[in-house]
Amino acid sequence: MKKNSPLEIRAIGRGERRVAVDILSRFFREEGFAGDRRYIQKNVDLMLEEGNLVALAWYEGEVAGVATGSSGVFVEWGKQVEIGDLYVAPDFRNLGIARALIEYAFDWCRKIGATSAVVETTEEGRSLHGLKEFYSQFGFKDDQRVIYMKPNLKKKRTRPPSYSRNRVRALSV
Ligand SMILES: CC(C)(COP(=O)(O)OP(=O)(O)OC[C@H]1O[C@@H](n2cnc3c(N)ncnc32)[C@H](O)[C@@H]1OP(=O)(O)O)[C@@H](O)C(=O)NCCC(=O)NCCS
């Protein structure tokens, strides 16, 4: 970023959680994602406790955009970061703010020792917002994998596991 640029990207400090939750709530509302303010606040707190990234873009002193980075470790990839929640408020679009947020997130990935980054898009995001083209300019490639999500893990299983003693015995012979 140039000196004297009106744009500043930085990871949020303790006192900035509320503004981060404000812009994330706006993002979720506009895009129709599930999750009220309390839910978003709880997850932002958890992300920060676990050392993840919540970065804000400030344009002439106003909050203009947000991006997050959540790291995980995988046998296949080593340390990898999912860059998520990328959002630029409508009044600030086409000023290069998303680009600056992504570059900032890439720098953070390198700093924590991650060797790759992923983004997730919805069918709607790809067809209505052209997100495949948007992300491809930053080097993201569609690797043809599909994510299957198991939600509600807190709910206890309602059916007992379906193995029988006879079957276990038969398998061990
Ligand atoms: C997508 C979004 C983040 C782009 O933000 P932005 O700040 O306007 O983007 P930038 O100005 O940094 O654009 C960077 C480049 O991407 C291009 N671009 C912007 N939006 C694009 C889109 N929807 N599709 C393809 N290219 C796009 C710009 O032309 C620019 O190219 P250039 O650098 O060659 O000029 C913003 O429109 C947004 O928040 N949309 C709603 C939320 C969303 O879809 N988030 C992604 C969730 S996975």
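Neighbours of Leu101, meaning other residues whose beta-carbon lies under 14 angstrom from its beta-carbon, give a summed charge of -1 when Lys and Arg score +1 and Asp and Glu score -1. Taking amide H as placed 1.01 Å from N in the peptide plane, Leu86 has its amide H under 5 Å from the amide H of Thr68, each at least 5 places away in sequence or on another chain.
In a reduced charge model with +1 at each Lys and Arg Cβ and -1 at each Asp and Glu Cβ, the chain shows a dipole moment near 1260 debye about its Cα centre. In this structure, the residue pairs whose Cα-Cα separation is over 23 Å, taken from Lys79/Lys156; Lys79/Lys111; Lys42/Lys155, are Lys79/Lys156. Near Phe134, once Lys and Arg are set to +1 and Asp and Glu to -1 for all other residues with Cβ below 12 Å from its Cβ, the sum equals +3. Every helix of 4 or more DSSP H residues in the chain counts as -39500 (n - 2.57), and over all residues that averages to -11000 deg cm²/dmol at 222 nm.
The phi-based Karplus calculation (6.51 cos²θ - 1.76 cosθ + 1.60; θ = phi - 60°) puts the 3J(HN,Hα) values of the range 99-111 at 4, 5, 5, 5, 4, 4, 5, 4, 4, 5, 4, 4, 4 Hz, whole numbers, x for Gly and Pro. Local charge sum around Ile12 (other residues, Cβ-Cβ under 14 Å, Lys/Arg +1, Asp/Glu -1)? Every neighbour counted, the sum reads -2. A Förster radius of 41 Å, combined with the Cβ-Cβ distance separating Phe74 from Asn4, puts the computed FRET efficiency at roughly 0.50.
Readers should treat all values here as calculations from the given coordinates under stated rules, not as data from a laboratory. Small disclaimer: the values here were computed from a predicted structure and weren't measured. So basically every Cβ, Gly included, is an ideal-geometry build from the backbone, and we count neighbours across all protein chains shown.
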